[in-house]
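Chemist: Got a structure here, written out as structure tokens. Questions coming.
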Amino acid sequence: MAGAGGGGCPAGGNDLQWCFSQVKGAVDEDVAEADVISTVEFSHSGDLLATGDKGGRVVIFQREQENKSRPHSRGEYNVYSTFQSHEPEFDYLKSLEIEEKINKIRWLPQQGAARFLLSTNDKTIKLWKISERDKRAEGYNLKDEDGRLRDPLRITALRVPILKPMDLMVEASPRRVFANAHTYHINSISVNSDHETYLSADDLRINLWHLEITDRSFNIVDIKPANMEELTEVITAAEFHPHQCNVLVYSSSKGTIRLCDMRSSALCDRHSKFFEEPEDPSSRSFFSEIISSVSDVKFSHSGRYMMTRDYLSVKVWDLNMESRPVETHQVHEYLRSKLCSLYENDCIFDKFECCWNGSDRQHLARCWGRLSFPPCGAAGRGDIHAHAGAVRTAE
Amino acid sequence: MSRVASRKDRVPRGSVKGPGMMLSKGLKRKREEEEEEGKEALAVDTWWLDPGHPAVAQAPPAVASSSLFDLSVLKLHHSLRQSEPDLRHLVLVVNTLRRIQASMAPTAALPPVPSPPTAPGIADNLLASSDAALSASMASLLEDLSHIEGLSQAPQPLVDEGPPGRPTGGAPPSLGALDLLGPATGCLLDDGLEGLFEDIDTSMYDSELWAPASEGHKSSPEDGPGKEEAPELDEAELDYLMDVLVGTQALERPSGPGR
């Protein structure tokens, strides 16, 4: 069970201190399979935290207003909204059940009072609108309080309806369903900086969608070989650049990252940049490829750097240098001697996520793979509102 | 990573209480856990992984490689048995298998491109080996994936014609099946490595473990005419049997083919 840890308060100087804040959900060991959290995502401002679970539910937590008398204490997160995003489906053509497990959630940038997020399982992406209602109109002319229509001939006087406060109601409604575009399992979604399009990536293909159009998507990357027997590599993660709406990156199971420019051609099979660190011959083993498989890739907020997570380490890359990362942080190096056991029990195939904190602009924020693991170094001048989450996602 | 399936009844999440009324509260449903019987199959004796074990401490690297090879083949087989295999897992296991294989026979060079079958004789030996059946299963599975994709999407040129073969270790049914198997075996097996498998107990790798359910709906368009006839006969026979059992049998039954 993954919980989201709270941020830290800089005590002074450049050191960021971390303190454990909250645990949401069941703490006991016996957790129902469907309750297992499969993805978490903060909203851009950090006031909302969305979680998706294996049962297809989305639970959104909201940060309470900070207490003015204690300005340095972070507000607590409490449940804001819960809804069933995906249901199990059956693909009749292949006689396969499609899991309802939520693989990824991404928030859209906030425009207006309502909030929007994209949630996806293996095959279908849905756009959800989350809106609040805390007022109710009373005193209609044409209908009475029960909602029954009044006879217009019997109305002798007109009144102006008034708004009365009511208990806060949070409604989640599906606005779009983007289906039938992926043969393989969706592993990533990413909203573009133009706020109009987004990408979805599965093992072999990446599609481009317009948020308003559900019956059409464009394939922009396709690495499926003509002969499937020659398949040696799959796509593991993909993301749009935070500012350049024509640039995206995708990572592979062989530990490589490709940067593509959609302006160069409609099908971005040929990358513009290719990031790969040469293998260290001294640490080469049978499992070198498995542990090099990139499980997550994230651009920094500035767009100058990107971060990749493989099994044992986190690497920070400068987009201008393809030959090797500018930083490498070993997350759990002690596991390197146990790779054989981890291969035997399949744990070596686990995937980890990573993310940046809010202020990567001036200093590169360090990242971590598991919640309990401390950051690998000084985080620089951490923003007091720094929020970062790290999730170990289990298949 | 949760390895133990929890079968207890659902309990509500601890803190699912909103600030107010929630319109579309997600309802929990009973969800049956599909226990993969293959998990038990993977619980193999792992003495070779224990560094303290005297045999391991003195074991030459070749022994460890061979054990890893067996384990990887097991994993590959387990992955193939899934109704919808995890492509990433499959690809990583296959690539690891290639690495192990390359280290076990450094003198035999891996062909850069899959080589066509040299002679039916060698192909027969390879077919008899269950590992060939495994690689053929993988080849046919991956080919099936693209076949199915071809059915569900816009027509794409099918690379390999012919129905996916299902080798059972016997003689090759037709040259078409051989052609399909040839490149696949070239990927995973080298010509000089049949001898490696002689001392390995391959009974566990019997391709009969291939789930029949997954085979049924993988029929390509070429299989159409053949399959149409068979169910009719079966149904007719079933009807006849039912009639016999119920006692309203075949005095009234009109004569049909074979009766």
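Chemist: Residue check, residue A:62 against (1) within 13 Å of chain B (Cβ to nearest Cβ); (2) touching a Phe, Trp or Tyr at 6+ places or on another chain (Cβ under 9 Å); (3) open to solvent by less than 30 Å² (accessible area, probe 1.4 Å), all met but one. Which one?
Modeler: The number of the failed condition is (3).
For (1) touching a residue at least 60 places away in the same chain (Cβ under 8 Å); (2) over 24 Å from residue A:253 (Cβ atoms); (3) surrounded by 14 or more Cβ atoms within 10 Å (Cβ to Cβ); (4) among the aliphatic types (A, V, I, L, M), each residue gets a yes or a no:
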{"position": "A:164", "(1), (2), (3), (4)": "no, yes, no, no"}
{"position": "A:167", "(1), (2), (3), (4)": "no, yes, no, no"}
{"position": "A:170", "(1), (2), (3), (4)": "yes, yes, yes, yes"}
{"position": "A:183", "(1), (2), (3), (4)": "no, no, yes, no"}
{"position": "A:189", "(1), (2), (3), (4)": "yes, no, yes, yes"}
{"position": "A:200", "(1), (2), (3), (4)": "yes, no, yes, no"}
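Chemist: Which residues, counting only those in the stretch A:261-314, are assigned to a helix (DSSP H, G or I) and closer than 25 Å to residue A:221 by Cα?
Modeler: Answer for the stretch A:261-314, where residues must be assigned to a helix (DSSP H, G or I) and closer than 25 Å to residue A:221 by Cα: A:289, A:290, A:291, A:292.
Chemist: Please find, within the stretch A:93-109, the residue that is farthest from the other protein chains (Cβ to nearest Cβ) out of those that are of a type in the set (A, V, I, L, M) and under 23 Å from residue A:198 (Cα atoms).
Modeler: In this case the residue turns out to be A:108.
Chemist: On to the next question. Kindly indicate which of A:259, A:211, A:231, A:248 is open to solvent by less than 50 Å² (accessible area, probe 1.4 Å) and within 14 Å of chain B (Cβ to nearest Cβ). Break it down into steps so the answer makes sense when it comes.
Modeler: Values: A:259 fails: within 14 Å of chain B (Cβ to nearest Cβ); A:211 fails: within 14 Å of chain B (Cβ to nearest Cβ); A:248 fails: within 14 Å of chain B (Cβ to nearest Cβ).
The conditions single out A:231.
Chemist: Of all residues being within 23 Å of the chain's Cα centre (by Cα) and open to solvent by less than 30 Å² (accessible area, probe 1.4 Å) in the stretch A:216-228, which is nearest to residue B:91 (Cα to Cα)? Just the residue, please.
Modeler: My answer is A:221.
Chemist: Do you know which of the residues in the stretch A:28-49 that are among the hydrophobic types (A, V, I, L, M, F, W, C) and farther than 21 Å from residue A:352 by Cα is nearest to the other protein chains (Cβ to nearest Cβ)?
Modeler: A:32
Chemist: Restricting attention to the stretch A:116-161, report how many residues are out of contact with any Phe, Trp or Tyr (no Cβ under 8 Å at 6 or more places or on another chain) and open to solvent by less than 90 Å² (accessible area, probe 1.4 Å).
Modeler: Within the stretch A:116-161, the subset out of contact with any Phe, Trp or Tyr (no Cβ under 8 Å at 6 or more places or on another chain) is A:120-123, A:131-160.
Among the residues that remain, those that are also open to solvent by less than 90 Å² (accessible area, probe 1.4 Å) are: A:120-123, A:131, A:134, A:137-139, A:141, A:143-144, A:147, A:150-152, A:155, A:157.
Total meeting the criteria: 18.
Chemist: Within the stretch A:325-344, is there a residue that is over 28 Å from residue B:86 (Cα atoms) and in a loop (DSSP other than H, G, I, E, B)?
Modeler: yes
Chemist: While we're on this one: So, in the stretch B:55-96, of the ones that are modelled with pLDDT under 80 and at the interface with another protein chain (Cβ under 10 Å from one of its Cβ atoms), which residue ends up nearest to residue A:252 (Cα to Cα)?
Modeler: B:65
Chemist: Also, I was wondering about something else. Take residue A:76 and tell me if it is within 14 Å of chain B (Cβ to nearest Cβ), in contact (Cβ under 8 Å) with a residue 12 or more places away in the chain and open to solvent by 70 Å² or more (accessible area, probe 1.4 Å).
Modeler: Spelling it out, residue A:76 is indeed within 14 Å of chain B (Cβ to nearest Cβ), in contact (Cβ under 8 Å) with a residue 12 or more places away in the chain and open to solvent by 70 Å² or more (accessible area, probe 1.4 Å).
Chemist: So which pairs qualify, if the first residue must be in the stretch A:321-338 and over 14 Å from residue A:273 (Cα atoms), the second must be charged (D, E, K, R) and part of a loop (DSSP other than H, G, I, E, B), the Cβ gap must be under 9 Å, and the two must be at least 6 apart or on different chains?
Modeler: Between residues of the stretch A:321-338 that are over 14 Å from residue A:273 (Cα atoms) and residues that are charged (D, E, K, R) and part of a loop (DSSP other than H, G, I, E, B), the close pairs are A:327/A:366; A:328/A:277; A:329/A:366; A:331/A:370; A:332/A:370.
Chemist: How about the stretch A:284-342: which of its residues are of a type in the set (Gly, Ala, Ser) and within 14 Å of chain B (Cβ to nearest Cβ)? Break it down into steps so the answer makes sense when it comes.
Modeler: Initial filter on the stretch A:284-342 (of a type in the set (Gly, Ala, Ser)): A:285, A:288, A:292-293, A:295, A:300, A:302-303, A:313, A:323, A:337, A:341.
Once the filter is applied, which keeps residues that are of a type in the set (Gly, Ala, Ser) and within 14 Å of chain B (Cβ to nearest Cβ), the stretch A:284-342 yields A:285, A:288, A:292, A:293, A:295, A:337, A:341.
The values are calculated or read from the model by the stated rules, or taken from the named source; none is laboratory data. Small disclaimer: the values here were computed from a predicted structure and weren't measured. Methodologically, a virtual Cβ is constructed for each residue, glycine included, from the backbone with ideal geometry; neighbour enumeration extends over all protein chains shown. Surface areas here come from the heavy atoms of the whole protein model, side chains and all, with no ligands, DNA or RNA. Shrake-Rupley method; radii C 1.70, N 1.55, O 1.52, S 1.80 Å.
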